[in-house]
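Asks: Shown below is the structure under consideration.
The values are calculated or read from the model by the stated rules, or taken from the named source; none is laboratory data. As the structure is a prediction and not an experimental result, all values here were calculated from the model. Counting neighbours? That spans all protein chains shown, and the Cβs are built from the backbone with ideal geometry, glycine included.
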Amino acid sequence: MNEDLEYINCPVCNSPHWEKVYVAKDYLYSLEVFTVVRCNSCGLLYTNPRVPQDKIGDYYFHDYFQYKKKDSAGILRNIKAKFNSILRGYQQKLLKELESISAKNVLEVGPGYGELLFFLKKLGFRVTGCEKDRGCMERIRQSNIPCYLGDLNDVIDEISSEKFDAVIFHHVFEHLYVPIRTLNSVHKLLSDDGKLFLALPNSASIEAKIFGKYWKGLDLPRHLVHYEAKTIEKTLCISGFKIKQLNAGVFPSSFIESIGFRFFENRKLPKLLYLTLYYPLKLLQLMFTRLIGSGVMEIVAVKKR
Ligand SMILES: [Zn+2]
C-alpha cells in the first residue's frame, strides 16, 4: 500500500468507526488500489485511507478536466458538443433555475476549463470562478472572468465582500477534503434567497450497484466522499441548508466509462463504440431519467430559515 495515505475519521460526523465496502483501483490512471468505507455512525461512504491534500495533485492527469472543455480539438469532442447543444443538457436546466430567482451574480467552485462560466457570461450573468488548478484559472481570467486561485476556504476573505445569488459545484463536491467547512463558507457567500447547485455521483444509484467497484462514480482516489441522497441531505443540513430538489441527472458517460472499466482490457471503449452508446443512452436518460435513474444526482438547496 502507498505509505503516504492518511486514515481519517468520518468527514461529516467525525466518527472513527467504519467498515470496508469496496477495495477498488484507480481505473482511470494509476491502477493503484484504494478502499472505500462506510461510517458506522452516519452511513457516509468515504475513501479511507485517502491521499493527503498536498499529494492529490499527482492523481489529476493533464486530461482530467477534458469533460468540462468544449472547444478543444478532436472530431469526437466536436460531434459531442454539437449533439449536446441539441439535446439540452445541464446548462439549460441550470439556466431555468437561475432565471426563476432572477439571479445576476454567480460563483462556480471548481470550474475546470470554465465552460459553464463562459456559457453564463455570454447570457449576461456576472460570473466568478474559484479554481485550484493554475492553468485552468489563467484560461478563465484570459476571458475577463474574475477567478480566484485556490481552495474556497482559503480565499473566502478575499471573496466575502460579495454576495452571490447562486453557487455551483458541478462534479466538484465529491472532491472536497473538508465538505462541512466548505459549505459553511458557501453559507457566508450566498444571499439569503440564493440557491446552491450541486451535481455529483449517487453511490446508491442502480448504476453504482450494477458496476460495484468498477463504477466510474467512485473515481478513486480523486473522489473522497461518495454521497447518496440521505448522506448529502445530512451534510447540507448540518451546514444550514435544506434540499429543494433532488433529481437524477443526465450523465451517460458515467455508465459507458464503467463498462470500459469492467469489460475492456485497456479500461476504455473504442471511440466509435463510445459514440454509438453515448447518444442513445443520453436520449433515454433525457426522456426517462425519473424512471430509469442515472449515476448522478442534481441538487438545488437553499438556506434554512
Ligand atoms: Zn459519519
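Asks: Taking Arg262 as meeting all but one of (1) in contact with a Phe, Trp or Tyr (Cβ under 9 Å, 6 or more places away or on another chain); (2) surrounded by fewer than 16 Cβ atoms within 10 Å (Cβ to Cβ); (3) touching a residue at least 40 places away in the same chain (Cβ under 8 Å); (4) among the basic types (Lys, Arg), write down the number of the exception.
Replies: (2)
Asks: For segment 98-137, give me the residue count where each residue is at pLDDT 95 or above and of a type in the set (S, T, N, Q).
Replies: So the count comes out to 2.
Asks: For segment 127-163: of the residues being among the polar types (S, T, N, Q) and surrounded by fewer than 20 Cβ atoms within 10 Å (Cβ to Cβ), which is nearest to Leu107 (Cα to Cα)?
Replies: Just the residues of segment 127-163 that are among the polar types (S, T, N, Q), to begin with: 128, 142-144, 153, 160-161.
Remaining after also requiring surrounded by fewer than 20 Cβ atoms within 10 Å (Cβ to Cβ): 142-144, 153, 160-161.
Details: Gln142: 17, Ser143: 16, Asn144: 15, Asn153: 14, Ser160: 12, Ser161: 13 Å.
So, considering only residues that are among the polar types (S, T, N, Q) and surrounded by fewer than 20 Cβ atoms within 10 Å (Cβ to Cβ), the one nearest to Leu107 (Cα to Cα) is Ser160.
Asks: Right, here's the next one. Hey, Glu3 hits all of (1) within 16 Å of the ligand (Cβ to nearest atom); (2) loosely packed, with under 14 Cβ neighbours inside 10 Å but one; which does it fall short on?
Replies: (1)
Asks: Could I ask something else about it? Of all residues in segment 19-44, how many are among the aliphatic types (A, V, I, L, M), within 16 Å of the ligand (Cβ to nearest atom) and out of contact with any helix residue (DSSP H, G or I) (no Cβ under 7 Å at 6 or more places or on another chain)? Step through it out loud before you land on a result.
Replies: Restricting attention to segment 19-44, the residues satisfying the condition of being among the aliphatic types (A, V, I, L, M) are 21, 23-24, 28, 31, 33, 36-37, 44.
Going one step further and asking which of them are within 16 Å of the ligand (Cβ to nearest atom), we end up with 21, 36-37, 44.
Among the residues that remain, those that are also out of contact with any helix residue (DSSP H, G or I) (no Cβ under 7 Å at 6 or more places or on another chain) are: 21, 37.
Of the residues in that region, 2 qualify.
Asks: While we're on this one: Which of the residues spanning segment 208-235 are farther than 22 Å from Tyr64 by Cα and either at pLDDT below 95 or under 15 Å from the mean Cα position of the chain (by Cα) (or both)?
Replies: Glu228, Ala229, Ile232
Asks: Another one. Being in contact with a helix residue (DSSP H, G or I) (Cβ under 6 Å, 6 or more places away or on another chain) and either modelled with pLDDT of 65 or more or closer than 18 Å to Asp219 by Cβ (or both): is that true of Gln91 here? Lay out the reasoning, then the answer.
Replies: Working: in contact with a helix residue (DSSP H, G or I) (Cβ under 6 Å, 6 or more places away or on another chain): yes; either modelled with pLDDT of 65 or more or closer than 18 Å to Asp219 by Cβ (or both): yes.
Yes: the conditions hold for Gln91.
Asks: Any residue at all in segment 9-29 that's under 15 Å from Leu220 (Cα atoms) and of a type in the set (Asp, Glu)? I'd like the intermediate steps shown before the answer.
Replies: Here is the first cut: in segment 9-29, the ones under 15 Å from Leu220 (Cα atoms) are 20-29.
If we keep only those that are of a type in the set (Asp, Glu) as well, we get 26.
There is at least one residue in segment 9-29 that is under 15 Å from Leu220 (Cα atoms) and of a type in the set (Asp, Glu).
Asks: Of all the residues that make up segment 45-64, how many are buried (at least 16 other Cβ atoms within 10 Å of the Cβ), more than 16 Å from the ligand (Cβ to nearest atom) and within 17 Å of the chain's Cα centre (by Cα)?
Replies: 2
Asks: Considering only segment 211-242, how many residues are under 29 Å from Leu28 (Cα atoms), touching a residue at least 60 places away in the same chain (Cβ under 8 Å) and not in a strand (DSSP E or B)?
Replies: 20
Asks: Go through (1) within 15 Å of the ligand (Cβ to nearest atom); (2) not in a loop (DSSP other than H, G, I, E, B) and name the single condition Pro16 misses.
Replies: (2)
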